[in-house]
Amino acid sequence: MKPVWPTWLPLREDLRELSPYGAPQIENVIRLNTNENPFALPNDVVSALAERVESIAQDLNRYPDRDAVRLREKLAGYINQLSGTNLDVTNVWAANGSNEILQTIFLACGGAGRKAIGFTPSYSVHPLIARITGTEWIAGSRDDDFGINISEAVTQISDLKPSLIFITTPNNPTGTATSIDDLATLAECAGRVGALLVVDEAYAEFSQIKSAVTLLDKFPHILISRTMSKAFAFAGVRVGYLLAKPECIDAMLVTRLPYHLSALTQAAAEVALDHASTMQDGIQLLAQERERLRSALGDVGWQSYESAANFLLFSGFSSSSKDVWKAFLDRGVLIRDISLEGYLRVTVGAPEENDRFISALTEIAK
Ligand SMILES: *Cc1c(COP(=O)(O)O)cnc(C)c1O
């Protein structure tokens, strides 16, 4: 439904038909709709966080470190350890979730008269921020199995000459990963047309695929967006970060708001990074559980897609997506209607949450 705005409100014409982004937040249900890590923070991390907050509380009368240098150093160290790279603070930017990173990129490199392309179905926030920043959005497509046809993509990009190219890998909502060779081809193409390739790696830690950060040395036109919200089990704190060449990071500093990242957020993220491996203890179990959900979906004759992340896209039900979504909710299980008719997405939860999903599934598919 189109929102109705009062005539006295000078809201931009091009925003009048938008409604705020967001999945339903419902209490007292099993929440398998926003791809969070279902496991609570380990006790030693909780204590370390409390201690750290107490130690900085007296200084909260002051603005935080505007450039979040300590946090960015720690993020560089974390990525270097994962990917064998040699990044330092000049290669990293941090913000309130990777959504803010994405917005900062659009503010710096998008805007009126500029184009951005992504390959759908993919993360719906990319076209949303394009729209809010007045950037023209072009939806490229994916194959029937949700992979990207790279040679077609290269032709399309060469014709359109966008400023920004978006690839989400593993892709949300499909779970599909894009190989490092394909990313290299796209990065080369981005360089040729004067674009930046933005690789959204929100789910990278769940996947075995090589990160696009390993391409930064060879291709200066890549921006890699990551988050602590998913595998890192830290969604409530809101920390996302960008990995790129120093020149690109400097461009982000131009469009960021002053003191955008609170001292509490910076401190909390630093503590979490000091406990990076405990924070991600659940990843392997989630991968096993994902495969358990896949077989359960197969057992009732529904289809799910191979996923390198902590969620599954599924189809094969005979009612509408909305009705099936509602049938799960009626059984206390909240999944995601991604507005793609015939498909739904479920986040992998803790084992007992997945049991609840499976028993609802068995009833609904009967
Ligand atoms: C969840 C998600 C994000 C946003 O995460 P933040 O919480 O803002 O860091 C970004 N990209 C994709 C593809 C996501 O699924």
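Every number in this text was worked out from the coordinates using simple rules, so none of it is lab data. Worth saying up front: this structure is predicted, and the values here are computed from it rather than measured. Because the Cβ atoms are built from the backbone with ideal geometry, glycine has one as well, and the counts that use them run over all protein chains shown.
Less than 24 Å apart at the alpha-carbon level, and either on another chain or at least 8 residues along: which lysines does that give for Lys326?
Qualifying lysines at Cα under 24 Å: Lys2, Lys366.
Pull out a ≥ b ≥ c, the square roots of the eigenvalues of the alpha-carbon gyration tensor of the range 115-188, then state rounded if a/c is under 1.5, prolate if not and a/b is larger than b/c, and oblate in the remaining case.
Since a/c reaches 1.5 but b/c is at least a/b, the shape of the range 115-188 is classed as oblate.
Mind putting together the pair-distance distribution for the range 249-311? All Cα pairs, 10 Å bins, whole percent per bin, short to long.
Reading the bins upward from 0: 17, 24, 22, 22, 13, 1.
Using Cβ counts within 10 Å as a stand-in for footprinting exposure, how do Phe39, Phe357, Phe234 rank, fewest first?
In order of increasing Cβ crowding within 10 Å: Phe39, Phe234, Phe357.
About its Cα centre, what dipole magnitude does the range 69-210 give when the only charges are +1 on Lys and Arg Cβ and -1 on Asp and Glu Cβ, stated in debye to the nearest 20? Kindly include the intermediate steps, with their values, before the conclusion.
Details: 10 positive and 15 negative charges, 109 e Å.
In debye, rounded to 20, the range 69-210 gives about 520.
Mind telling me which of Val346, Val333, Val53 comes out most flexible in a GNM of the chain, alpha-carbon contacts under 10 Å?
Per the Cα network of the chain with a 10 Å cutoff, Val53 tops the list.
Rg (Å, one decimal) plus Dmax (Å, integer) for the alpha carbons of the chain?
Both quantities, over Cα of the chain: 20.8, 60 Å.
Which whole-number percentage describes the relative contact order of the range 176-291, with Cα contacts under 8 Å and a sequence gap of 6 or more?
20 percent
If you plug each phi of the range 208-225 into the Karplus form 6.51 cos²θ - 1.76 cosθ + 1.60 with θ = phi - 60°, what whole-Hz ³J(HN,Hα) values come out, in order, with x for Gly and Pro?
With coefficients 6.51, -1.76 and 1.60, one gets 8, 5, 5, 6, 5, 4, 6, 9, 4, 4, 8, 10, x, 8, 10, 10, 10, 9 Hz.
Along the charge dipole of the range 259-366, pointing to its positive end and built from +1/-1 on Cβ of Lys, Arg, Asp and Glu, which listed residue (Met279, Ala296, Ser262) has its Cα farthest out?
Positive-end residue among those listed: Ala296.
Using 17 Å as the cut-off for backbone N distance, which residues of the range 34-58 belong to the label zone defined by a point 7 Å from the Cα of Thr278 along Cα→Cβ?
39-54
Got the relative contact order for the range 1-143 handy, in percent, Cα pairs under 8 Å and 6 or more residues apart?
15 percent
Note down the net charge around Glu152, summing +1 for each Lys or Arg and -1 for each Asp or Glu among other residues with Cβ under 13 Å from its Cβ.
Once all neighbours under 13 Å are counted, the net charge is -2.
Any chance you could list P(r) for the range 221-366, counting all Cα-Cα pairs in 10 angstrom bins from zero, rounded to whole %?
Percent of Cα pairs in each bin: 10, 31, 26, 21, 11, 1.
Show that you can apply the helix-only estimate: for the chain, add -39,500 (n - 2.57) for every DSSP H stretch of four or more residues, divide by all residues, and state [θ] at 222 nm to the nearest 500. Before the final figure, lay out the partial values.
Working: 12 runs with 143 residues, N = 366.
When only DSSP H runs of four or more count, the value is -12000 deg cm²/dmol.
Nothing charged except the Cβ atoms of Lys and Arg (+1) and of Asp and Glu (-1): what's the magnitude of the dipole of the range 126-275 about its Cα centre? Round to the nearest 20 debye.
Dipole size: approximately 420 debye.
Using a cut-off of 9 Å between beta-carbons, work out the net charge of the residues near Ala95 (Lys and Arg +1, Asp and Glu -1, Ala95 not included).
+1
When only Cα pairs under 8 Å and 6 or more residues apart are kept, what is the percent relative contact order across the chain?
Across the chain, relative contact order equals 22 percent.
Picking from Leu160, Leu261, Leu216, which is most flexible by a Gaussian network model of the chain using Cα springs under 10 Å?
With Cα springs under 10 Å in the chain, the top fluctuation among Leu160, Leu261, Leu216 is at Leu160.
Sort Glu363, Glu17 so that the residue with the fewest other Cβ atoms within 10 Å of its own Cβ comes first and the one with the most comes last. Spell out each step's value before the answer.
On the way: Glu363 13, Glu17 10.
Arranged by neighbour count, lowest to highest, Glu363, Glu17 become Glu17, Glu363.
How would you rank Tyr241, Tyr63, Tyr78, going from fewest to most other Cβ atoms within 10 Å of each one's own Cβ? Write down the numbers at each step before the final one.
Values: Tyr241 24, Tyr63 11, Tyr78 20.
By the 10 Å Cβ count, ascending: Tyr63, Tyr78, Tyr241.
I want the local charge near Glu136. Using Cβ-Cβ distances under 12 Å, sum +1 for each Lys or Arg and -1 for each Asp or Glu among the other residues. Mind dumping the intermediate values first?
Working: positive: Arg114, Lys115, Arg131, Lys161; negative: Asp14.
Its environment carries a net charge of +3.
So if I place +1 on the C-beta of Lys and Arg and -1 on the C-beta of Asp and Glu, and nothing else carries charge, what would the dipole magnitude of the chain be about its Cα centre? I want it in debye, nearest 20.
I would put it at about 740 debye.
For a quick check, take a GNM of the chain with Cα springs below 10 Å and name the residue from Gly84, Gly134, Gly349 with the largest mean-square fluctuation.
Maximum among the listed residues: Gly84.
For Lys161, list the aspartates and glutamates whose Cα falls under 18 Å from its own Cα; do not include residues on the same chain fewer than 8 positions away.
Glu136, Glu152, Glu188
For the chain, with the dipole built from +1 on Lys and Arg beta-carbon atoms and -1 on Asp and Glu ones, taken about the Cα centre, which of Pro3, Gln208, Ala108 lies farthest toward the positive end?
Pro3
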